[in-house]
Amino acid sequence: MMLHFSYGTGVLTLPAAVLAHIDKAGKRELRVLLALSATLPAEEEALAADVAARTGLPASEVSSAIAFWRGTGVLLAGEGNGASTQAPVTQPVARAERKPLPDKGLPSYSTDELSRVLETRQEFASLIDACQQTFGKIFNAAEVGIIAGMVDYLGVDGEYVLLLLSHCVRMEKKSLRYAEKTAISLFDEGVTDAAALEERLNRIETLNTAVGQIRAMFGAGSRALSTKEKRMIEQWVCVMQYGMDVLRLAYDATVDAIHEPSFAYANTILERWHAAGYRTTEDVERALADYRRQKAGGGSFDVDDFFEAALKKTYGEQ
């Protein structure tokens, strides 16, 4: 959804998502966003330079402000339109040359070391400002040190850091220590750039929402899910990309067949549906109706026969 404002003889268009983050945005971020909305699509370096010229802000501050809006999700990477339609942005903070990561994780910084970093690297000071706005708090020296460690020792840029911190806020885990552990874990997995991080975080958040709904559906109560059950759910949601409506059909089919909830049985159903090319409830219900019509002349409905017929049809065996 977009917001349209009359401005002079023209119209200013901004994403409606801006409203959810206005209270965290400072004067600088709002100036940059307004400048972006009036900027034509451009290469990333030219875009930053144009916005800097329009606002009179230093390029490092423009980059940090853009990173703030990237972190909120108002601006997305990899698209070629202007800011009003969620535009590509520049790398927000120049990374320092990555230092060897100590065995025990990110190192601590002394107060004097942090002071020198903040005084000599203007882009880092701007990043800290944007991070504090994202978390809605002033960081202490240890928290500033965690951000410095991410940039210096993991080699990630400011855009990456802000995406990660925004994820922490959405997950209601506003802790720099949690962000640090997550950053190291992702680094070990090879997720080291903003685009890969954005994709991974979307997956994590989608899965986190689905797990609670699936637990309730299957009556799991407060018990911990097994590793195998977690893997099944991840396959359903992230690989097969089934919505809750299709998962509900699989649950109903499971209970109809064996008279109790079962992750394993539902997994077999969903694997067969996926192999047969069924992606939506309409696909499943249409195939089910076709099968029932074929069986109308006699014989009872058999779930396994239905799936077998679907697979044969998919692979051209009928």
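Derivation of every value follows stated rules applied to the coordinates shown; laboratory data play no part. If you're wondering where the values come from, they're calculated on a predicted model, not measured in any experiment. Please note: Cβ atoms are built from the backbone with ideal geometry, for glycine as well, and neighbour counts cover all protein chains shown.
Would you please state the base-10 log of I(q)/I(0) at q = 0.18, 0.24, 0.28, 0.33 1/Å for the stretch 227-273, with intensities from the Debye formula using one equal scatterer on every alpha carbon?
Ignoring solvent entirely, the Cα scatterers give -0.47, -0.82, -1.08, -1.32.
Per residue of the stretch 210-225, in order, report the coupling 6.51 cos²θ - 1.76 cosθ + 1.60 (Karplus, θ = phi - 60°) as ³J(HN,Hα) in whole Hz, putting x for Gly and Pro.
Each residue's phi maps through the Karplus curve to give 5, 4, x, 5, 5, 4, 5, 4, 8, x, 6, x, 9, 5, 6, 6 Hz.
Taking loop as defined by DSSP and a crowding limit of 10 other beta carbons within 10 Å, which GluC sites (Glu not before Pro) in the stretch 179-275 fit?
Here the GluC sites (Glu not before Pro) that fit, given the DSSP loop and packing criteria, are GLU189.
What list of ³J(HN,Hα) values in whole Hz, one per residue of the stretch 117-130 in order, does the Karplus curve 6.51 cos²θ - 1.76 cosθ + 1.60 (θ = phi - 60°) give from phi, with Gly and Pro shown as x?
Along the stretch 117-130, the couplings run 4, 5, 7, 9, 10, 4, 5, 6, 4, 5, 5, 4, 4, 5 Hz.
With the alpha-carbon atoms as the only input, what is the per residue convex hull volume for the stretch 111-203 in Å³?
Taking the convex hull of the Cα positions in the stretch 111-203, it is 85 Å³ per residue.
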